[in-house]
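This report concerns only the one structure given below.
Only the coordinates and a few stated rules stand behind these numbers; no lab work does. Since the structure is predicted, the reported quantities are computational estimates derived from the model, not experimental observations. With ideal geometry, Cβ positions are generated from the backbone for all residues, glycine too; neighbour counts draw on all protein chains shown.
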Amino acid sequence: MASSSFDIDAPRWDQSTFMGRLNHFFNITDWRTVTLPDSRLDEAKALVDSCRAGSVPPGTTEEQLHYAKKLYDSAFHPDTGDRMNLIGRMSFQVPGGMAITGLMLQFYRTVPAVVFWQWVNQSFNALVNYTNRNAASPITPKQIGVAYFTATSTALATAVGLNLYTKKAPPLVARWVPFVAVASANCVNVPMMRQQEILNGIAVTDENGNKLGHSKKAAVKGITQVVFSRITMAAPGMIILPIIMQRMEKYKFMQRITYLHGPIQVMLVGAFLVFMVPAACSLFPQRCSMAVSKLEPELRDSIVSQYGQAVKHVYFNKGL
């Protein structure tokens, strides 16, 4: 049984190493958690809150507490503690991403299909980016609309333009167009959806969680890492899978079941994402750090004037 002194927020795995973070994200991005009802998630949150308050219910085991924390981390925002919408959770990336990406890779030949599936994908991405933002930096409905329109327009322009440009290119090149469009849009979608962090700065703390101020440079660092992670998440499935499908389609049995090519791609994308979602999230620590010397002069001077040289680094939630 767990004791009342059990620290439920202590990481189960070393977050300073890639393998530690990989184990952590394999745990909280488990797609099976999206099938649980809200009532079960709320029960997990109540258990986590009780443990934090030092009142673990009698008979509760450490394994039950670990599982409750897994559900809490998978469904509740780390900044606000609010339950996140289902589609925006990172645990929904496998079922949601496999369906959309698989269909993007299947229907890449005609402009209407390219437009539709890129629009669906960017709508999905916009919701994920908004859901996983640093919630300490609010964003207005107008800014959300501008971010969504800009990212979607970028994806559509890239996809349609390359689709037309590559009509005479080798077939494999045309199959890679969706990835280029997705990567380009990610470079726009994430920063635009989290523009308030760039414009006003992101809250930074010392290693004990004491707030030190807001930093625009910290926001840029965190968002850059998120963009890189999102592109990495999509890359293997969208680059390697087209090569696999092109080779498979040469076989007679594949030519007889063309109606199954879409479902086959969806399932194969899912196989990639089961590993790539936690791997991409693990590339950088969730609790990002930055040297005080690299902060804006005014914030750096403020920290030095209050703490001298005692504070060497600041910390912040980079989002996902």
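Net charge dipole, the range 154-269: roughly 500 debye, given to the nearest 20, about the Cα centre with Cβ charges of +1 for Lys and Arg and -1 for Asp and Glu. Across Thr33, Thr101, Thr80, mean-square fluctuation computed from a Gaussian network of the chain (C-alpha pairs under 10 Å connected) peaks at Thr80. For the range 75-172, the list of trypsin sites (Lys or Arg not before Pro) that fall in a loop by DSSP and count at most 16 other C-beta atoms within 10 angstrom reads Arg109, Lys167, Lys168.
Relative to the current alpha-carbon distance between Ser16 and Thr205, full extension at 0.36 nm per residue lengthens the span by 66.3 nm.
For the chain, find the longest principal axis of its Cα atoms and tell me its angle to the long axis of helix 141-165, 0 to 90°, nearest 10. Once rounded, the angle reads 30 degrees.
Here the average projected area of the convex hull drawn through the C-alpha atoms of the range 102-171 stands at 5.4 nm².
Convex hull volume of the Cα atoms of the range 168-258, normalised per residue: 136 Å³. Shape summary of the range 134-290, radius of gyration then Dmax from alpha carbon positions: 19.6, 65 Å.
In plain terms, the bigger the Kirkwood radius, the slower the diffusion; for the chain, with that radius from Cα pairs, at 10 °C and 1.306 mPa s, Stokes-Einstein puts D at 74 µm²/s. log₁₀ I(q)/I(0) of the range 1-155 at q = 0.10, 0.17, 0.18 Å⁻¹, via Debye over equal Cα point scatterers, no solvent, to two decimals? Once normalised to I(0) and log-transformed, intensities are -0.47, -1.06, -1.13.
Separation of the alpha carbons by more than 20 angstrom is noted, of Lys217/Lys312; Lys70/Lys217; Lys294/Lys318; Lys69/Lys312; Lys211/Lys318; Lys142/Lys318, for Lys70/Lys217; Lys69/Lys312; Lys142/Lys318. For the range 193-302, chymotrypsin sites (Phe, Trp or Tyr not before Pro) meeting the loop criterion (DSSP other than H, G, I, E, B) and having at most 16 other Cβ atoms within 10 Å: Tyr251.
May I ask for the angle, rounded to the nearest 10°, between helix 177-193 and the longest principal axis of the chain, with both axes built from Cα atoms and the value confined to 0 to 90°? With rounding to tens, the tilt is 30 degrees.
Across the options Thr29, His66, Ala183, the greatest Cα extent toward the positive end of the charge dipole of the chain (unit charges at beta carbon of Lys, Arg, Asp, Glu) belongs to Ala183.
Applied to the range 96-107, the Karplus parametrisation 6.51 cos²θ - 1.76 cosθ + 1.60 on θ = phi - 60° returns per-residue 3J(HN,Hα) values of x, x, 5, 5, 5, 5, x, 6, 4, 6, 7, 9 Hz, with x for Gly and Pro. Charges were assigned to the Cβ only: +1 to each Lys and Arg, -1 to each Asp and Glu. The resulting dipole of the range 1-110 about its Cα centre is roughly 460 debye.
What is the pair-distance distribution P(r) of the range 92-224, computed from all Cα-Cα distances in 10 Å bins starting at 0, with each bin given as a whole percent? Result returned by the calculation: 12, 37, 27, 16, 6, 1. If only the Cβ of Lys and Arg carry +1 and only the Cβ of Asp and Glu carry -1, the dipole of the range 209-299 around its Cα centre is close to 100 debye. The angle between the Cα long axis of helix 62-75 and the main principal axis of the chain comes to about 60°, on a 0 to 90 degree scale. How fast does the range 18-83 diffuse by Stokes-Einstein, in µm²/s, taking the Kirkwood radius from C-alpha pairs at 10 °C and 1.306 mPa s? Estimated diffusion coefficient is 128 µm²/s. Taking 15 Å as the straight-line reach from the Cα of Lys221, the aspartates and glutamates in range (excluding those fewer than 8 positions away in the same chain) are Glu197, Glu296.
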